[in-house]
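Following this message is one structure expressed as structure tokens.
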Amino acid sequence: HVLLIARYLLKMRKVWLIKSSGDGNKIYEECLQETGEFTVTSISALQFSFTNGPALLNSLERPHDYAGIILTSPRAVEVVYQQYKNLKVDTHAFWKTKKIFAIGEATTKSIQNDLQLQAIGSHTGNSQQLANFIIKEIPAFDKPLLFPCSSLKKDDLPLLLASNDRDFRALTCYETSCDPQLAQHIKKTISETGVADIIVFFSPSGVDYTAPILSSLGIESGIL
């Protein structure tokens, strides 16, 4: 995905990456800047707060109840890690025998680094593709998959799994909200470098929070 974006943007000059607060992943910035063709600015649009920690810990303490875990973002990995690090060594070992599903390379890398687990599904680029991959990997009517998720999770993955008799236990573990300084971030960036030639979003919620601000500033945008 990084190379595809880089090739598409090769002739562009100013790029905004609309990301989450505290996102330290610099792979997109580095890849784009290495071309020497444009400048890149990361703008924080989202912030997160953890919730339901005790319930998540209780689930993680019972790996025998689950066929595996579904993790759809580095943020989901982060919230799991906050509880996973408190588990006993033998519980960690038990989770290593389970299937860990992830969307994309960034999430897979976070799972390997933070949880010391091997994930599958890195080739999938969205929740629908991951759901179809899970359906191939997990038999119908098997044990449920633990699904720590955001308060703004999309419904396509749960609906696909349920309609194909794959059980899961969704647990809201973090709340997603708009960065209160988003409008100020955008105005400051415009004053310093001008309006972007292209804006890259990494989540639907990023679009939802940013689009009204862009419109209020008279910035027309098209979605590709």
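The values are calculated or read from the model by the stated rules, or taken from the named source; none is laboratory data. Quick caveat, the model's predicted, so the values are computed rather than measured. Note that we place each Cβ from the backbone using ideal geometry, even for glycine, and neighbour counts take in every protein chain shown.
Looking for something touching a Cys at 6+ places or on another chain (Cβ under 8 Å), small (Gly, Ala, Ser) and part of a strand (DSSP E or B) - is there at least one such residue anywhere in segment 34-54? Outline the logic, then answer.
Just the residues of segment 34-54 that are touching a Cys at 6+ places or on another chain (Cβ under 8 Å), to begin with: 45-47, 50-53.
If we keep only those that are small (Gly, Ala, Ser) too, we end up with 45, 53.
Now restrict to residues that are part of a strand (DSSP E or B): 45.
There is at least one residue in segment 34-54 that is touching a Cys at 6+ places or on another chain (Cβ under 8 Å), small (Gly, Ala, Ser) and part of a strand (DSSP E or B).
Restricting to segment 119-154, name every residue that is in contact (Cβ under 8 Å) with a residue 40 or more places away in the chain and farther than 27 Å from PHE50 by Cβ.
ILE138, ASP142
Which of (1) surrounded by 14 or more Cβ atoms within 10 Å (Cβ to Cβ); (2) farther than 19 Å from THR107 by Cβ does LYS188 not meet, given it meets every other one?
Condition not satisfied by LYS188: (1).
Out of the residues in segment 10-41 meeting the condition of being of a type in the set (A, V, I, L, M) and over 20 Å from GLU192 (Cβ atoms), tell me which one is modelled with the highest pLDDT.
Only one residue fits best here, namely ILE27.
Taking the stated definitions as given, is ALA211 more than 14 Å from the chain's Cα centre (by Cα), surrounded by 13 or more Cβ atoms within 10 Å (Cβ to Cβ), farther than 21 Å from PHE133 by Cβ and free of Cβ contacts under 8 Å to residues at least 60 places away in the same chain?
yes
Here's a follow-up. Please enumerate the residues belonging to segment 55-93 that are over 28 Å from GLN129 (Cα atoms) and not in a helix (DSSP H, G or I).
GLU61, LYS85, ASN86, LEU87, LYS88 - these are the residues of segment 55-93 that are over 28 Å from GLN129 (Cα atoms) and not in a helix (DSSP H, G or I).
Follow-up question, since we're still on this one. Scan segment 191-208 residue by residue and report those that are surrounded by 15 or more Cβ atoms within 10 Å (Cβ to Cβ), farther than 25 Å from ASN126 by Cα and touching a Leu at 6+ places or on another chain (Cβ under 9 Å).
Correct list: VAL195 only.
In this structure, does ALA93 turn out to be of a type in the set (A, V, I, L, M) and closer than 27 Å to ASP208 by Cβ? Before the answer, list the steps.
Values: of a type in the set (A, V, I, L, M): yes; closer than 27 Å to ASP208 by Cβ: no.
So ALA93 fails the test.
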